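The values are calculated or read from the model by the stated rules, or taken from the named source; none is laboratory data. Treat the numbers as computed from the prediction; the structure is a model and nothing was measured. Reconstructed Cβ throughout: ideal geometry from the backbone, glycine too, with neighbour counts over all protein chains shown.
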Amino acid sequence: MAITFTVARRELGRMIGPYGVFTATGGTTQSLVCAAAFQSSVLPTDGRAFSWVFVPGLTAPRQRRVTAIGLDGPTGTLPVDALYGAAVANGMVFEVSPRLPPVHESTANVGNAMTPSLQFCLNAAARHILIDQRDYSLTLVDGQNDYSLPSWLDRPERLLDVLVPSATGATRLPSWRTFEFRTDSGGGQLHFDDAFRFSGSYAAHLVVKRPADTYVNASETSGGFSAESDTLEVDLNQILPGALAFAYQALREQYGNPERARMDGLYRRAVNEFRRVKGYDKSNDMDPSVPTDAPAAVEAA
């Protein structure tokens, strides 16, 4: 089941916490108003200070940080450190994240751009999850034995089968030709002992396992999530443990003990949970230095 960037990011943010998704009742190019969430006579004036505020409905820049003043309690206004790409309007959804920025934008004044974002954590996790594809098209050449493969198809265990059209062309069947995955100086290579002979155009379908971040919106696109509507062919239960591990790894570097030790423990637990998810790429382990937990003992009935 495919998931969107919006859903995955917000779920990851809530799991790390604190994280809020709100609807603005107004704003400007440098402030957001949400009386229902922030109007208060008791919250301190530095409430939400330095939190990241992301407005996905705006044109870039969409992400800013709350100023040191933090909050105008009587009006429920959050002032931010620099201009948005346009004014925040009534009804616009925005996200507030005190710990990690929701996305990474290269525009100026977005705060600590060197901090990994939730977007980075999700895409990094997707690189360690393999998904199945049965129709990766390979254009064949008459008499040719060797074909270069995409950069992600760089290991023999990722190439499962070669399918060719049946006599009627209605279905695809495993090729009877012997094929072999080889590694050359430029990457993976598919070798056929017997070259195909034909006239016109002819294509095979490769049955492969590929990293999830190379298949965005069910098409050949690398890099993982970018636009809000982008989808990856993974389940939330697959990607969240890995994204949490990368998030805890980032947070671990921001704290001193004892919080650093707590984040390190959460990181190690998340790494081991990630290793158990469907499609985890065992040949591309996230962190070999983290020992694998022994399986839990089965209790007697």
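Just give me the residues in segment 124-181 being in a helix (DSSP H, G or I), closer than 30 Å to Ala247 by Cβ and either over 30 Å from the mean Cα position of the chain (by Cα) or not acidic (Asp, Glu) (or both), in sequence order. Full working, then the answer.
First, the residues of segment 124-181 that are in a helix (DSSP H, G or I): 124-126, 156-158.
If we keep only those that are closer than 30 Å to Ala247 by Cβ too, we end up with 124-126, 157-158.
Ala124, Ala125, Ala126, Arg158, listed by residue number.
Restricted to segment 111-131, and to residues that are touching a Phe, Trp or Tyr at 6+ places or on another chain (Cβ under 8 Å) and at pLDDT below 95, which residue is surrounded by the fewest Cβ atoms within 10 Å (Cβ to Cβ)?
This residue is Pro116.
Counting just the residues of segment 80-100 that are within 21 Å of the chain's Cα centre (by Cα) and charged (D, E, K, R), which one comes out surrounded by the most Cβ atoms within 10 Å (Cβ to Cβ)?
The residue in question is Glu95.
Would you check if there is a residue in segment 61-79 being in a loop (DSSP other than H, G, I, E, B), among the charged types (D, E, K, R) and surrounded by 19 or more Cβ atoms within 10 Å (Cβ to Cβ)?
Yes: one or more hits.
Which residues, counting only those in segment 44-54, are in contact (Cβ under 8 Å) with a residue 40 or more places away in the chain and either in a loop (DSSP other than H, G, I, E, B) or not assigned by TED's automatic domain parsing to the domain that holds Val88 (or both)?
From segment 44-54, those in contact (Cβ under 8 Å) with a residue 40 or more places away in the chain are 48, 50-54; that's our starting set.
Answer for segment 44-54, where residues must be in contact (Cβ under 8 Å) with a residue 40 or more places away in the chain and either in a loop (DSSP other than H, G, I, E, B) or not assigned by TED's automatic domain parsing to the domain that holds Val88 (or both): Arg48, Phe50, Ser51.
Would you mind telling me which numbered condition in (1) within 24 Å of Ser222 (Cβ to Cβ); (2) surrounded by 13 or more Cβ atoms within 10 Å (Cβ to Cβ) Arg177 fails?
Failing condition for Arg177: (1).
Considering every residue within segment 114-134, establish whether at least one is more than 25 Å from Asp285 (Cα to Cα), in contact (Cβ under 8 Å) with a residue 12 or more places away in the chain and outside the structural domain of Arg62 (by TED's automatic domain parsing). I'd like the intermediate steps shown before the answer.
Initially, segment 114-134 is screened for residues more than 25 Å from Asp285 (Cα to Cα), giving none.
No: zero hits.
Which residue is surrounded by the fewest Cβ atoms within 10 Å (Cβ to Cβ), if the candidates are limited to segment 1-43 and must be without any contact (Cβ under 8 Å) to a residue 60 or more places away in the chain and in a helix (DSSP H, G or I)?
Within segment 1-43, the match that is surrounded by the fewest Cβ atoms within 10 Å (Cβ to Cβ) is Ala36.
Can you tell me which residues in segment 32-69 are among the polar types (S, T, N, Q) and out of contact with any Asp or Glu (no Cβ under 7 Å at 6 or more places or on another chain)? Steps first, answer last, please.
Just the residues of segment 32-69 that are among the polar types (S, T, N, Q), to begin with: 39-41, 45, 51, 59, 63, 67.
Scanning segment 32-69 gives Gln39, Ser40, Ser41, Thr45, Ser51, Thr59.
When the residues of segment 276-286 are narrowed to those that are at pLDDT 95 or above and within 25 Å of Thr115 (Cα to Cα), which ends up surrounded by the fewest Cβ atoms within 10 Å (Cβ to Cβ)?
Selected residue: Asp285.
Restricting attention to segment 250-275, and to residues there that are of a type in the set (Gly, Ala, Ser) and under 17 Å from the mean Cα position of the chain (by Cα), which single residue is surrounded by the most Cβ atoms within 10 Å (Cβ to Cβ)? Steps first, answer last, please.
Narrowing segment 250-275 to residues of a type in the set (Gly, Ala, Ser): 250, 256, 261, 265, 270.
From what's left, under 17 Å from the mean Cα position of the chain (by Cα): 250, 270.
Details: Ala250: 21, Ala270: 24.
Per the criteria, the residue is Ala270.
Test Ala108 against the criterion of being modelled with pLDDT under 90 and either surrounded by fewer than 15 Cβ atoms within 10 Å (Cβ to Cβ) or not in a loop (DSSP other than H, G, I, E, B) (or both), and give yes or no.
Values: modelled with pLDDT under 90: yes; either surrounded by fewer than 15 Cβ atoms within 10 Å (Cβ to Cβ) or not in a loop (DSSP other than H, G, I, E, B) (or both): yes.
For Ala108, the condition - modelled with pLDDT under 90 and either surrounded by fewer than 15 Cβ atoms within 10 Å (Cβ to Cβ) or not in a loop (DSSP other than H, G, I, E, B) (or both) - is met.
How many residues does segment 198-249 hold that are of a type in the set (S, T, N, Q) and surrounded by fewer than 16 Cβ atoms within 10 Å (Cβ to Cβ)?
Going through segment 198-249 one residue at a time, the tally reaches 9.
Considering only residues that are farther than 18 Å from Val216 by Cβ and out of contact with any Phe, Trp or Tyr (no Cβ under 8 Å at 6 or more places or on another chain), which ones fall in segment 5-15? Walk me through it before giving the result.
Narrowing segment 5-15 to residues farther than 18 Å from Val216 by Cβ: 10-11, 13-15.
Listed by number, the residues that qualify are Glu11, Arg14, Met15.
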